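Below is one structure, written out as structure tokens; comments come after it.
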Amino acid sequence: IDGLPADAHTALHRAMQPRLFPRGALIYNRTERPDGLYRIRSGSALFQIDGINGKRLLLKIIHENELFGETAAYDGKPAPIAVEARSALVTDFVPTGHMELLRIQFASIDRALATVATQNLRATLAAIEELMLLDLHERAIACLKRLSAEFRQPTDTSVRIDVTQSELASMLGASRQATNKVLSEFEKAGWLKRNFRYFIWMPSRIH
């Protein structure tokens, strides 16, 4: 949004309405068409696939200034994923009808939605590739590397990854017990340190 031309940026901001969600609120699921485009102002949300068997694949944790609902805003169809408030969540919201008008009026908004949808599609395909082609040990390394890239600064030799062990297990498509075993191996190797709700990842120690 911040990269939009000034006129499109102003018009989109004028259309935004505040929406608040408590922790654990299901904002929409895969069978529903989101009622608009959301941008996170504060808090975080879970971007995930919920299976009919009760299992869950966590694709991404969405943070401040990130969007969701962009696919439905772009094609008008039900969401391909579910979104749940990971914490108390404050969002800016633009209703679907208003988004349609803005897309017609500003080609830059239409292109931006397509860009976000494409980025999320690529992230989903990467997660599927890891699940299908890598064993759990390899998946865990790939996932932690990807997560560390979100938080790492160029000079960092270690990275704090604000993900719980339960969330990491959901990202890996594995049980907490199996994930705990792999993380214990990484900890013994000196690759990471576990804390209550986050990890300290030390990628420079991996050979």
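The values are calculated or read from the model by the stated rules, or taken from the named source; none is laboratory data. None of the values given here were measured: they were computed from a predicted structure. Neighbour counts run over all protein chains shown; Cβ positions are idealised from the backbone, glycine included. For the accessible areas, the whole protein counts, side chains as well, though only heavy atoms, and no ligand, DNA or RNA atoms are used. Shrake-Rupley method; radii C 1.70, N 1.55, O 1.52, S 1.80 Å.
What to note about this one:
- Of all residues in the range 51-73, those satisfying the criterion of being of a type outside the set (D, E, K, R) and surrounded by fewer than 17 Cβ atoms within 10 Å (Cβ to Cβ) are Gly51, Ile52, Asn53, Gly54, His63, Asn65.
- Qualifying residue in the range 178-187 (condition: in contact (Cβ under 8 Å) with a residue 12 or more places away in the chain, open to solvent by 50 Å² or more (accessible area, probe 1.4 Å) and under 30 Å from Leu4 (Cβ atoms)): no
- Scanning the range 132-165 for residues that are farther than 24 Å from Lys55 by Cβ, open to solvent by less than 30 Å² (accessible area, probe 1.4 Å) and in a helix (DSSP H, G or I) returns a single hit, Ser148.
- Screening Gln105 against (1) over 15 Å from the mean Cα position of the chain (by Cα); (2) within 26 Å of Ala149 (Cβ to Cβ) leaves a single unmet condition, (2).
- Residues that are closer than 19 Å to Phe47 by Cα and hydroxyl-bearing (Ser, Thr, Tyr) were ranked within the range 131-165; the one that is modelled with the highest pLDDT is Thr164.
- In the range 166-185, of all residues being within 21 Å of Phe47 (Cβ to Cβ), over 16 Å from the mean Cα position of the chain (by Cα) and assigned to a helix (DSSP H, G or I), the one that is modelled with the highest pLDDT corresponds to Thr179.
- Taken as a whole, the condition of being of a type in the set (A, V, I, L, M, F, W, C) and free of Cβ contacts under 8 Å to residues at least 60 places away in the same chain does not apply to Ala25.
- Of all residues in the range 118-131, those that are of a type in the set (Gly, Ala, Ser) and either in contact with a His (Cβ under 6 Å, 6 or more places away or on another chain) or surrounded by fewer than 18 Cβ atoms within 10 Å (Cβ to Cβ) (or both) total 2.
- Count - residues of the range 38-48 that are over 23 Å from Tyr74 (Cβ atoms) and assigned to a strand (DSSP E or B): 1
- For Ile81: the one exception among (1) surrounded by fewer than 17 Cβ atoms within 10 Å (Cβ to Cβ); (2) within 30 Å of His9 (Cα to Cα); (3) in contact with an Asp or Glu (Cβ under 9 Å, 6 or more places away or on another chain): (1)
- Residues of the range 26-45 that are farther than 18 Å from Met99 by Cα and open to solvent by 20 Å² or more (accessible area, probe 1.4 Å): Leu26, Ile27, Asn29, Arg30, Thr31, Arg41, Ser42, Gly43.
- Summed over the range 18-37, the residues that are outside any loop (DSSP other than H, G, I, E, B) and in contact with a helix residue (DSSP H, G or I) (Cβ under 8 Å, 6 or more places away or on another chain) give a count of 2.
Table: residues versus (1) over 11 Å from the mean Cα position of the chain (by Cα); (2) among the hydrophobic types (A, V, I, L, M, F, W, C).
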{"site": "Leu57", "(1), (2)": "yes, yes"}
{"site": "Glu66", "(1), (2)": "no, no"}
{"site": "Ala73", "(1), (2)": "yes, yes"}
{"site": "Gly76", "(1), (2)": "yes, no"}
{"site": "Val83", "(1), (2)": "no, yes"}
{"site": "Thr91", "(1), (2)": "yes, no"}
